[in-house]
Amino acid sequence: MAEAFSVVGKPLTKPDAFGKVSGQVKFADDLSLPRMLYGRLLRSPYPHARVLHVDTSRARKLPGVLAVLTGDDLPVKFGILPVSQDEEALAREKVRYVGDPIAAVAATDEWIADEALDLIDVEFTELPHFMSIQEALAGQGEPIHGLSNVHKAVALEFGDTDAAIRAAEHVREDIVFFEGNTHLPMEQHAAVAQYAADGKLTLWTSSQTPHYVHRALGKVLDLPMSRIRVIATPNGGGFGGKSDIFAHELVAAKLAIATARPVKITLTREEVFYAHRGRHPVLMKVKTGFTRGGQITAMQFQSFLDGGGYGSYGVASTYYTGALQATTYAIPRYRFEGVRLFTNKPPCGPKRGHGTPQPRFALEIHFDKVAEELGLDPVELRRRNLPSPDSQTVNWLRITSCGLKDCINKVVEGSRFLERRTSMPPGRGLGFAVSSYLSGAGTAIYWNDMPHSEVQLKLDRNGGVLVLCGAIDIGQGSDHILAAIVAEVLGVALDDIQLTTADTDLTPIDLGSYSSRVTFMAGNAAKAAAETVRDRLFRVVARSLHCDADELTARDHRIYRSDRPAEGLTFAQAVQLAEAESGVVTGSGSYTPPKLAGPYKGSGVGPSPAYSYSAAVVEVDCDLKTGEVKVPEVWIAHDIGRAINPMLVIGQVEGSVYMALGEALMEEQTFRLGLHKFPSLLEYKSPTALEAPVMHTYLVETIDREGPFGAKEAGQGPLLPVIPAVANAIYNALHVRIDEIPITPEKVLKALNDREKRVGPKSVPAYTFPPLIKADVPQAWKGK
Amino acid sequence: MSIADKVAVRLRVNGEDTAIMVPPYKTLLEVLREDLGLTGTKHGCELGECSMCGVLVDGKPFLSCLAMPLDLEGRDVMTIEGMARGRHPHPLQAAFAELGAAQCGYCTPAMLLTAKALLDREPRPSREAIKAALSGVLCRCTGYLKIFEAVELAVSRGADG
């Protein structure tokens, strides 16, 4: 019998692979236009200060300088979320972190532009600055925005958690801290803007979200969106760090308009640290009630987020720190309270796992401790609290497929976790953790009823297929997913597919490469578009073969009768027939996620058409003298739904494990006296090839009923269980608890010498959360 | 900038001799990218820490962001654009493409050239030797495993093509 699929499920070479290995692919900074100028941004040297006066007269006189901008040239505020329009491209009245842009120049070369920045005179009045959650809440001095440093506070409850915890047979509370860190894409952000003689603006930018940049340009520049074209260039790594709207994008555009010449702005590595939008530092308190047998009866979760100087995605980030607890475990009663504070640091935002690695860390080390107290092994405790497939969580999130049980079995068996964990050699330990993640946010960033992803196809008469889609490949392989799905449906090969992506003039909308949404949503749109075109071809071929359309198969460049494969046409003949009949063969498809938000305020963050699941076992090798922790081996299983290309999925899983290990053991973005301690690659440490562990990756396929061919996400979920598994492994090795990320050698040594054998926060600040929004509990959870 | 501020630089890049006038403070990285149009070599950290700017000079890995072109006259510079033989990719390039060792592709040029220098020196390296040789080139996407596997695949096929 023939295989079910000819492209889907195969480890094929992705369409952009040879462009990448040859160095031919053009990243934004590789672009160069005739008469192009170079733009640079003047950034604040103070963490919090009033801008009294910006004098650009000396800079304007420097030969080679063609334009100088200040905040007054770009006065319209913007922000990625409609509720947080709090940023200015160039600060007008106040700067809120070291690195906040104030002015910009365009010059004939970068050296002149840099020199011009030195000639801009800015008068500041310094204000007291807030560099931590505690300082922001204490509020000594002028708040960073408005009347208070509290950006967003939320309080939700699903059922009576106090009563359930009072009635619980076992209760534990933990306080945990996760320090911030940054994406560190190897490619610095870059943008090239061109303002043509006809008044059309084009921006090439290294962005994960060209559609949102398009909208922001229209708003800030006050231009109709039809006069703006945004082309996202392949991202040299994103990880969430290029999914916001950045000052340099707006400024490059404005400078191009001001000079009527192309302008390029490429951030320096130091500036990338200031652009940030990375992992929020989060302080958390988790309290869970259990039965003696280890079943959860209720959970109360509090999070305090250190947001940095602006809103960015922060409202969503805040909700995400409380959203996915109940998709990972069956929790009958749940309370979440979260507060995000403004601080005088670069704005935090979404980094791989957006708002969920921090609570995941808290939850999984909490459960490790609970298991020990209850006399259960940590795997058994999870097994007693698994969510069910086709269920609804207490906070109204709909679960379709769930392969968590299989994921657990794979890593536990593969690592022989249960047999080995009690007999590890000195300094060695094994840790275990699980997680879940979204396959795309169920709601768009701005309220609208339109599809989240759209694909158009145009077939040429030789059988080639052009795929047009707004999705941008950031290295995750979205180009391949689009091509593979279309090729599969139409029965052609990957080589027959041409891709034009992420160009707002040419491609229909895809909301962007964030929230692990592209395979699921653009994949579904591509499938729908291909099926539309295939149906048209089937109709003409059926007439030609005197059969019904549903008797036909498209495969191997042919459309033929399923029961009599010899009878058929080549794919190109079928296209020609259709074109002769009614003109150019095109088709489109769209994907709109089902409306899944629950009946309460704040229910828009968390719903996803499907959740992925992961489980990990990590082995550590700890040096008792130096406190250094090495990770020789990792076992990771991921419920992918279906792997459209298993090689690319494994690449996402391995990359997630790597990034998790960096966060767990070394990466941190910390500050001293208002200054970023290490905005350079000399000091910001990340794992090298030498730190790469042996990884055993297991893909679990649950064939999700709503995913394209059953696929779910792979790009973010597998990061989540690895960080807590490292901490749990260190406990297994050394009997110390490091309740704080990153787990540096200093912390390990400190814990070894600590009376309680623990390093971590001891309390959360006194803060009164808003009154709880008491939401109804779904029917299935009533009485439980 | 007047022509008097520029210096004449003769470079041999990918086997081709070229002569250009550039400001003397421009790094090899900048000259390759901006004056010779060889944008396959990338900026990364401007400090010699990440190796995105890696090229080969006389066959050895070399950080172009820390080098001045005037110092390299008479030396052989190879960039990613010179790695394939005409239209035939180098076996390392083919292996990287086939195994998904290039995700975003930004570190890929330097990673490939560094791997080539290793294989030219040591045609059958161990996994540990591959790790050590590539440890200076940062990659944020892959977790490095697919890169190691691709180097090993190229070795198994005979990396000299």
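The values are calculated or read from the model by the stated rules, or taken from the named source; none is laboratory data. Only a predicted model underlies this, so the values are computations on that prediction, with no experimental measurement involved. Using ideal geometry, Cβ is built from the backbone for each residue, glycine included, and neighbour counts are taken over all protein chains shown.
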Candidates A:Gly464, A:Gly491 - the one that is more than 32 Å from the chain's Cα centre (by Cα), at positive phi and not hydrophobic (A, V, I, L, M, F, W, C): A:Gly491
For segment A:307-334, what are the residues that are polar (S, T, N, Q) and surrounded by fewer than 24 Cβ atoms within 10 Å (Cβ to Cβ)? none
Just give me the residues in segment A:29-45 being within 11 Å of chain B (Cβ to nearest Cβ) and either of a type outside the set (Asp, Glu) or more than 26 Å from the chain's Cα centre (by Cα) (or both), in sequence order. A:Leu31, A:Ser32, A:Met36, A:Tyr38
Could you check segment A:119-178 and list, in sequence order, the residues that are assigned to a helix (DSSP H, G or I) and assigned by TED's automatic domain parsing to the domain that holds A:Tyr319? A:Thr161, A:Asp162, A:Ala163, A:Ala164, A:Ile165, A:Arg166, A:Ala167
Breaking point among (1) assigned to a helix (DSSP H, G or I); (2) in the same structural domain as A:Ala323 (by TED's automatic domain parsing), for A:Val540: (2)
Matching entry among A:Val722, A:Val736, A:Val726 (being away from every other protein chain (no Cβ under 14 Å) and under 23 Å from the mean Cα position of the chain (by Cα)): A:Val726
List the residue pairs whose Cβ atoms are under 7 Å apart, where the first residue sits in segment A:606-630 and is under 21 Å from A:Asp406 (Cβ atoms), the second is part of a strand (DSSP E or B) and of a type in the set (Val, Ile, Thr), and the two are 6 or more positions apart or on different chains. A:Tyr611/A:Ile399; A:Ser614/A:Val434; A:Ser614/A:Ile636; A:Ala615/A:Val434; A:Ala616/A:Val634; A:Ala616/A:Ile636; A:Val618/A:Val631; A:Val618/A:Val634
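Okay, residues lined up against (1) touching a helix residue (DSSP H, G or I) at 6+ places or on another chain (Cβ under 8 Å); (2) part of a loop (DSSP other than H, G, I, E, B); (3) within 9 Å of chain B (Cβ to nearest Cβ); (4) aliphatic (A, V, I, L, M):
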site: A:Leu661; (1), (2), (3), (4): yes, no, yes, yes
site: A:Tyr684; (1), (2), (3), (4): yes, yes, no, no
site: A:Pro687; (1), (2), (3), (4): yes, yes, yes, no
site: A:Leu690; (1), (2), (3), (4): yes, no, yes, yes
site: A:His696; (1), (2), (3), (4): yes, no, no, no
site: A:Asp704; (1), (2), (3), (4): yes, yes, no, no
Using the structure shown, decide if A:Ala751 is over 29 Å from the mean Cα position of the chain (by Cα) and either at positive phi or not charged (D, E, K, R) (or both). yes
Those residues of segment A:171-189 which are of a type in the set (A, V, I, L, M) and surrounded by fewer than 24 Cβ atoms within 10 Å (Cβ to Cβ), in sequence order: A:Val171, A:Ile175
Would you be able to tell me the number of residues in segment A:484-521 that are out of contact with any strand residue (DSSP E or B) (no Cβ under 9 Å at 6 or more places or on another chain) and more than 27 Å from A:Leu537 (Cβ to Cβ)? 1
Take the residues in segment B:136-153 that are at the interface with chain A (Cβ under 7 Å from one of its Cβ atoms) and in a helix (DSSP H, G or I), then tell me which one is farthest from A:Pro632 (Cα to Cα). B:Lys146
For segment B:71-81, how many residues are closer than 18 Å to B:Gly37 by Cα and out of contact with any helix residue (DSSP H, G or I) (no Cβ under 9 Å at 6 or more places or on another chain)? 1
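Every residue, every condition in (1) surrounded by fewer than 22 Cβ atoms within 10 Å (Cβ to Cβ); (2) touching a residue at least 24 places away in the same chain (Cβ under 8 Å); (3) of a type in the set (Asp, Glu), yes or no:
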position: A:Gly71; (1), (2), (3): yes, yes, no
position: A:Phe78; (1), (2), (3): yes, yes, no
position: A:Asp86; (1), (2), (3): yes, yes, yes
position: A:Arg92; (1), (2), (3): yes, yes, no
position: A:Arg96; (1), (2), (3): no, yes, no
position: A:Pro101; (1), (2), (3): no, yes, no
position: A:Val105; (1), (2), (3): no, yes, no
position: A:Leu127; (1), (2), (3): yes, yes, no
When A:Arg279 is evaluated against the numbered criteria (1) in contact with a helix residue (DSSP H, G or I) (Cβ under 8 Å, 6 or more places away or on another chain); (2) under 15 Å from A:Gly349 (Cβ atoms); (3) not in a loop (DSSP other than H, G, I, E, B), which criterion, by number, is the only one it fails? (3)
Give me the pairs, please: first residue somewhere in segment A:678-703 and within 17 Å of B:Arg140 (Cβ to Cβ) and touching a residue at least 24 places away in the same chain (Cβ under 8 Å), second residue anywhere and part of a strand (DSSP E or B) and of a type outside the set (A, V, I, L, M), beta-carbon distance under 6 Å, and either six or more positions apart or on two chains. A:Pro693/A:Pro632; A:Pro693/A:Glu633
Only one of these conditions is not met by A:Glu654: (1) more than 14 Å from chain B (Cβ to nearest Cβ); (2) buried (at least 22 other Cβ atoms within 10 Å of the Cβ). Which number is it? (1)
Return only the number of the condition from (1) more than 14 Å from every other protein chain (Cβ to nearest Cβ); (2) closer than 24 Å to A:Ala502 by Cβ that A:Trp204 does not satisfy. (1)
Since A:Ser148 meets every condition but one in (1) touching a Phe, Trp or Tyr at 6+ places or on another chain (Cβ under 9 Å); (2) touching a residue at least 60 places away in the same chain (Cβ under 8 Å); (3) among the polar types (S, T, N, Q), which condition does it not meet? (2)
Being closer than 27 Å to A:Arg261 by Cβ and assigned to a loop (DSSP other than H, G, I, E, B) narrows it down to one of A:Arg58, A:Arg40, A:Arg92, so name that one. A:Arg92
